[in-house]
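Peer 1: One structure, pasted below without further comment.
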Amino acid sequence: MNTKRIVITGGPGTGKTSIINELLSRGHICLEEISRQVTLKAREDGVDQLFLTQPLLFSELLLAGREKQYHQAEKLPSDHVFLDRGIPDVLAYMDYIGDSYPETFINSCKTHTYDMVFILEPWQEIFVSDNERYENFDQAVKIHHHLLNTYERFNYKLMDVPFDSVENRALHILNSIKNL
């Protein structure tokens with residue numbers, strides 16, 4: 001099967017998870033964000049914010065997890081799979097904090113390509129911080145710009161998802177992939 005991999009990305013607090021949950025409720029196959037799992041596992045191991053204290057280790061764990069999701073998507077019984085974030089997100093966040101990363105990160109972006117990428121802009125009205133999200137809204141805006149730059153660096157045409165209800169945002173995405 002030639003499964004289409006469709007990324008939904010954006011800075012923190014833009015509504016990605018809500019859209020993924022809506023797509024799941026409509027019967028679509030989605031692979032959820034793994035950074036919260038990595039963060040919670042690190043907390044169990046006594047590290048409060050792994051991304052802040054060991055950003056390269058955190059990013060290596062994310063990269064490995066997202067590569068695994070990329071390959072997992074091909075084996076799922078669907079013509080398309082939605083992913084909550086893609087591999088280029090790892091580089092965007094590292095660029096955001098100004099940290100370097102090995103060439104393997106770049107190579108992974110080149111060898112694991114997606115069929116379509118939707119990006120959600122920062123939206124003040126829905127932005128909420130929580131225990132796993134340490135960024136404020138201004139930081140979310142900066143991260144958004146790094147995401148734009150990183151995906152464009154790897155020649156993706158980003159599809160904007162307009163501000164609207166979760167249901168309508170999911171419908172916008174579904175209508176956009178009809179001819180994929």
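Peer 1: Which order do ARG85, ARG36 fall in if you start with the one that has the fewest other Cβ atoms within 10 Å?
Peer 2: ARG36, ARG85
Peer 1: Oh, and also: Tell me the label-point distance for the pair SER25, LEU76, using the 7 Å Cα-to-Cβ offset, in nm and rounded to one decimal.
Peer 2: About 1.8 nm, to one decimal.
Peer 1: Return the FRET efficiency for the residue pair GLN37, GLU125: r is the Cβ-Cβ distance, R0 is 35 Å, and the value is rounded to the nearest 0.05.
Peer 2: For R0 = 35 Å, the calculated efficiency reads 0.80.
Peer 1: Multiply the residue separation of ASN107 and LYS4 by 0.36 nm, subtract the distance between their alpha-carbon atoms, and state the gained length in nm to one decimal.
Peer 2: Net length gain for the segment: 35.0 nm.
Peer 1: For a label point 7 angstrom out from the Cα of HIS172 toward its Cβ, which stretches of segment 137-161 have the backbone nitrogen within less than 13 Å?
Peer 2: Only 159-161 fall inside the zone, counting backbone N under 13 Å.
Peer 1: Can you give the FRET efficiency to the nearest 0.05 for ASP48 and PHE137, using r as the Cβ-Cβ distance and R₀ = 25 Å?
Peer 2: The computed FRET efficiency comes out at 0.70.
Peer 1: Convert each backbone phi in segment 40-46 into a coupling constant with the Karplus relation 6.51 cos²θ - 1.76 cosθ + 1.60 (shift: θ = phi - 60°), then list the ³J(HN,Hα) values in order as whole Hz, x for Gly and Pro.
Peer 2: 3J(HN,Hα) across segment 40-46, in whole Hz: 5, 4, 4, 5, 4, 8, x.
Peer 1: Using amide H atoms built 1.01 Å from N in the peptide plane, name the residues 5+ places from GLY10, or on other chains, whose amide H lies under 5 Å from its own.
Peer 2: When sequence neighbours closer than 5 places are left aside, the close amide H contacts are LEU120.
Peer 1: On to the next question. For SER165 and GLU67 in one chain, what is 0.36 nm times their gap in residues minus the Cα-Cα distance, to one decimal in nm?
Peer 2: My answer for the length gained is 32.2 nm.
Peer 1: Under the rule of at least 5 residues apart or a separate chain, name every residue whose amide H is placed under 5 Å from the amide H of LYS4.
Peer 2: HIS80, VAL81
Peer 1: Continuing with the same structure: Taking the Cα centre of segment 4-176 as the origin, how large is its charge dipole in debye, to the nearest 20, when only Lys and Arg (+1) and Asp and Glu (-1) carry charge on their Cβ atoms?
Peer 2: That gives segment 4-176 a dipole magnitude of about 440 debye.
Peer 1: Also: Please compute one quarter of the surface area of the Cα convex hull for the chain and express it in square nanometres.
Peer 2: 10.0
Peer 1: Less than 22 Å apart at the alpha-carbon level, and either on another chain or at least 8 residues along: which lysines does that give for LYS75?
Peer 2: LYS4, LYS110, LYS178
Peer 1: Here's another thing I want to ask about it. Applying the Karplus parametrisation 6.51 cos²θ - 1.76 cosθ + 1.60 with θ = phi - 60° to the phi angles of segment 77-83, what ³J(HN,Hα) value in whole Hz is obtained for each residue in order, glycine and proline being reported as x?
Peer 2: For segment 77-83, the Karplus-derived couplings read x, 7, 7, 8, 10, 8, 10 Hz, x marking Gly and Pro.
Peer 1: Helix-only mean residue ellipticity at 222 nm, the chain, DSSP H runs n ≥ 4 weighted -39,500 (n - 2.57), per residue, nearest 500. What is it?
Peer 2: So the calculated ellipticity at 222 nm is -16000 deg cm²/dmol.
Laboratory data are not the source of any read-out in this text; all were calculated from the coordinates shown. A quick note: this is a predicted structure, and the numbers were derived from the prediction, not measured. Backbone-built Cβ (ideal geometry, glycine too); neighbour counts: all protein chains shown.
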